[in-house]
1. By per-residue mean of other Cβ atoms within 10 Å, what is the highest-first order of 230-237, 174-181?
2. Got a sec to turn the phi values of segment 148-158 into Karplus ³J(HN,Hα) couplings, 6.51 cos²θ - 1.76 cosθ + 1.60 with θ = phi - 60°, whole Hz, x for Gly and Pro?
3. Full-extension gain between Ala255 and Lys57, please, as 0.36 nm times their residue separation minus the C-alpha to C-alpha distance.
4. Provide the descending list of Cα extents for segment 155-254 along its principal axes, expressed in whole angstroms.
Amino acid sequence: METIRNLMSTEIWQGKTLSDLLTLEFLASTAGSILGALVILFVGWTVSAWLQRRIVKLSRRNKHLDDMLFDFLASIARYVVMGFTVLFVLNTFGVKTTSVVAIIGAAGLAIGLALQGTLSNVAAGVMLILFRPIKTGDFVEVAGKMGTVKDINLNFTELADLSNVQVIVPNSEVWGNIITNYSTNDTRRAEWTFGVGYGANLKAAEDIIRDTIMADPRSHAAPEPFIQVTNLGDSSVDFLVRVWCDASVYFGYRADMTRNVKEALDAGGVDIPFPTRTMIQASAD
């Protein structure tokens, strides 16, 4: 209402009756302002659209730039340009833009108080888009959920879990919790624990484990594999094995090596024990 009163109090409108407003003379006197406003709107709309396209094309031309980040920046740039355009249009009609800015600020405060939860997701979405701890295509664990990132927008992050089920996580839950990104590094270290019997030849068992794992082309020779006895269990001597591989093959590689090593130890005559319990029954005498 304050904006309308300011508009009606300008020199163009002041003292005019309804009949005056409908006269050709008055329309002619305001034609310049109307035409100027239309020109400003056209120019603002054109410039904002052009700027948005330019920012988006910049990311598309350079594969090292993140498309989603630049899409977000392009939208922000367009809204900013259109906001200034509206202020210029109001100024053309003599409206004091300071009052308009005050109204927008008050409305923004009221909306912010009413939508605190939603705005926290938006704020977290901005942080995720700007700092990029995760991006589309990454395999991550966030807020207790594991899956591949399909989309990150201002409100939520979309995952596809291991069963290809859609999982929607609010951005505040993503940004406010520990993020585990399994796709950031190109390599990962796979780890196993293999137990052999106390009567087994430990050197022979170590050689079998090493030869079996390093025979697989997915195993990295550098950094050097770690294969050592690290625990004397209740019924087994445990080897801790750590070998590097490409992150993209980690899960299949780890499962294959578990089976291959077990079969190789069996073929080499190395006993793989299982827990046993000796029961002594007291005599009735």
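1. Values: 230-237: 12.9, 174-181: 15.4.
In descending order of packing, they fall as 174-181, 230-237.
2. Running phi through 6.51 cos²θ - 1.76 cosθ + 1.60 with θ = phi - 60° gives 8, 6, 9, 6, 10, 10, 6, 10, 8, 10, 9 Hz.
3. Values: separation 198, 0.36 × 198 = 71.28 nm, distance 4.31 nm.
Once the chain is fully extended between Ala255 and Lys57, it gains 67.0 nm.
4. Answer, in whole Å and largest first: 59, 33, 23 Å.
Readers should treat all values here as calculations from the given coordinates under stated rules, not as data from a laboratory. Note that this is a predicted model, so its numbers are computed, not measured. Every residue, glycine as well, gets a Cβ built from its backbone with ideal geometry; the counts of neighbours run over all protein chains shown.
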